[in-house]
Amino acid sequence: MFEHVDAYPGDPILTLNENFQKDPRSRKVNLSIGIYFDADGQIPVMHAVRDAEAALKIGAKPYLPMVGMDAYRDGVQSLVFGADHPARAAGRIATVQTLGGSGALKVGADFIRRYFPNAQVWLSDPSWENHRFIFERAGFTVNTYPYYDAATGGLKFDVMLASIDALPKGSVVLLHACCHNPTGVDLDEAQWQKLIDVLETRELLPFVDMAYQGFGAGLDSDAFAVREIARRGLPAFIANSFSKNFSLYGERVGGLSVVCEDADAAARVLGQLASAVRSNYSSPPLHGAQIVAAVLSSPALRRQWEEELASMCRRIARMRQTIHDGLRDHVQGEALTRYVKQRGMFTYTGLTEPQVAALRDEHGVYVLRSGRMCVAGLNDSNVGIVADAIAAVLKSGV
Ligand code: KET
């Protein structure tokens with residue numbers, strides 16, 4: 001019956017993370033998956049989350065509505081767009097609760113495929129590996145636009161812009177709102193404005209993935225592109241996730257917001273998103289949404305959460321500086337400064353596949369095959385091991 005089912009080669013991120021767990025070496029270091037670990041190498045339970053969870057009354061567990069919990073959806077909108085955003089006031093945004101950022105991408109992809117069946121999708125080169133898997137599985141042809149400049153460790157903005165300027169009308173352009181995964185290289189505000197001009201004049205459909213809000217320049221600045229696109233009246237899909245900024249990975253808390261031309265369109269879009277949810281998994285889970293809604297709606301918990309998130313960012317910045325300093329004698333120029341220049345959880349190290357394999361096999365240091373390092377996995381106990389391991393691998397000439 002199943003002879004034609006081929007073996008799954010595994011996922012470049014999740015399978016590597018699972019292999020790390022099975023590695024018996026005690027000095028191993030996990031810099032593979034995009035998870036924030038604290039100074040002790042643990043996934044933190046944020047105090048705001050703990051307090052919100054403790055205050056939850058254990059009660060009945062009804063189904064949530066297909067679109068999710070109202071207070072949660074309102075929390076998503078006010079965090080992503082800002083509480084007073086004009087698109088929100090106009091009722092132009094259709095928001096559903098989703099199974100993390102991944103679920104938002106999938107529900108959005110299915111919706112676009114249904115209503116815009118001829119559109120193709122363009123991803124940055126490179127992008128989060130799962131973007132391609134999600135959009136291809138939803139039936140799209142997936143292409144790439146130039147993005148990362150390996151020579152400078154920065155952005156090829158002009159080439160990127162020219163390439164997007166040549167896309168057919170109605171193309172779906174996947175953008176990272178902030179803390180680009182895997183490169184850590186973002187657009188600045190002036191570049192976003194130019195890109196939004198092109199999206200508008202070419203009538204393209206931006207699909208913005210915001211999985212790291214708060215890990216770049218701050219909760220509001222990180223949402224600049226999203227808010228500007230919505231303010232200027234472009235239609236847009238926004239996937240957001242609370243996996244990282246609430247440290248709620250396994251609760252699967254995310255949101256999909258579709259910015260529409262008016263409230264009437266938003267109501268119809270919301271209905272079809274509900275239908276997409278119903279025919280997939282019926283309705284989203286309760287627990288994580290209760291926690292996020294409680295934190296975002298309580299001024300005291302929200303303040304506490306923002307402070308904790310800011311301190312997580314400070315720790316990442318300190319680790320960026322520490323690994324930079326540790327590599328100073330072994331890595332030169334741009335290949336070194338990128339450790340402090342690139343933003344968010346990741347640095348695109350430029351290490352080659354054989355170097356990555358040597359790091360893992362000989363030193364127990366796990367980074368992705370692409371050379372992406374999760375700097376949020378560094379701490380005072382392992383950063384020296386990692387710097388020494390990279391130095392040894394570079395010296396060995398593999
Ligand atoms: N978008 C991006 C850009 C992203 O990096 C992730 C997760 C997600 C969406 C998914 O978020 P979630 O809410 O968990 O569904 N990235 C990390 C984990 C993973 O690959 O699933 C990572 O890149 O390591």
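Listing for the model above:
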| item | result |
| --- | --- |
| Test: residue in segment 232-252 that is modelled with pLDDT of 95 or more, β-branched (Val, Ile, Thr), open to solvent by 10 Å² or more (accessible area, probe 1.4 Å) and over 20 Å from residue 346 (Cα atoms) | no |
| Top-ranked residue in segment 155-172 [being closer than 30 Å to residue 31 by Cβ and in contact with a strand residue (DSSP E or B) (Cβ under 8 Å, 6 or more places away or on another chain); ranked as farthest from the ligand (Cβ to nearest atom)] | 159 |
| Test: residue 118 is open to solvent by 70 Å² or more (accessible area, probe 1.4 Å), farther than 17 Å from residue 240 by Cα and polar (S, T, N, Q) | yes |
| Inter-residue pairs, beta-carbon under 8 Å, first more than 14 Å from residue 211 (Cβ to Cβ) and acidic (Asp, Glu) and in segment 105-132, second open to solvent by less than 30 Å² (accessible area, probe 1.4 Å) and in a loop (DSSP other than H, G, I, E, B), 6+ apart | 110/138; 125/147 |
| The lone exception for residue 9 - which of (1) closer than 23 Å to residue 137 by Cα; (2) open to solvent by 50 Å² or more (accessible area, probe 1.4 Å); (3) touching a Gly at 6+ places or on another chain (Cβ under 9 Å); (4) not β-branched (Val, Ile, Thr) it fails | (3) |
| Top-ranked residue in segment 56-83 [being of a type in the set (A, V, I, L, M, F, W, C) and open to solvent by less than 30 Å² (accessible area, probe 1.4 Å); ranked as nearest to the chain's Cα centre (by Cα)] | 80 |
| Boolean, residue 328 is on the phi < 0 side of the Ramachandran plot and open to solvent by 50 Å² or more (accessible area, probe 1.4 Å) | yes |
| Sole exception among (1) more than 16 Å from the ligand (Cβ to nearest atom); (2) in contact (Cβ under 8 Å) with a residue 40 or more places away in the chain; (3) under 20 Å from residue 198 (Cα atoms) for residue 143, by number | (2) |
| Helices (runs of 4 or more DSSP H) contained in segment 1-83 and holding at least 3 residues among the aliphatic types (A, V, I, L, M) and within 16 Å of the ligand (Cβ to nearest atom) | 70-81 |
| Test result for residue 335, surrounded by fewer than 16 Cβ atoms within 10 Å (Cβ to Cβ) and touching a residue at least 40 places away in the same chain (Cβ under 8 Å) | yes |
| Residue tally, condition small (Gly, Ala, Ser), closer than 14 Å to residue 375 by Cα and part of a helix (DSSP H, G or I), over segment 323-347 | 1 |
| Residues (in a helix (DSSP H, G or I) and either within 14 Å of the chain's Cα centre (by Cα) or more than 16 Å from the ligand (Cβ to nearest atom) (or both)) located in segment 107-131 | 111, 112, 113, 114, 115, 129, 130, 131 |
| Any chance residue 25 is open to solvent by 20 Å² or more (accessible area, probe 1.4 Å) and more than 23 Å from the chain's Cα centre (by Cα) | yes |
| Residues satisfying the stated conditions in segment 84-106, i.e. assigned to a helix (DSSP H, G or I), open to solvent by 30 Å² or more (accessible area, probe 1.4 Å) and in contact with a helix residue (DSSP H, G or I) (Cβ under 8 Å, 6 or more places away or on another chain) | 86, 88, 102, 106 |
| Scope segment 289-309; condition in a helix (DSSP H, G or I), among the small types (Gly, Ala, Ser), touching a residue at least 24 places away in the same chain (Cβ under 8 Å) and open to solvent by 20 Å² or more (accessible area, probe 1.4 Å); matching residues | 294, 297 |
| Set 320, 314: member being touching a residue at least 12 places away in the same chain (Cβ under 8 Å) and either outside any loop (DSSP other than H, G, I, E, B) or crowded, with 17+ Cβ neighbours inside 10 Å (or both) | 320 |
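The values are calculated or read from the model by the stated rules, or taken from the named source; none is laboratory data. All figures in this text were calculated on a predicted structure; none of them were measured in a lab. Cβ coordinates were reconstructed from backbone atoms using ideal geometry, including for glycine residues, and neighbour counts include every protein chain displayed. Remember, those area values only see protein heavy atoms, side chains included, never the ligands or the DNA or RNA. Shrake-Rupley method; radii C 1.70, N 1.55, O 1.52, S 1.80 Å.
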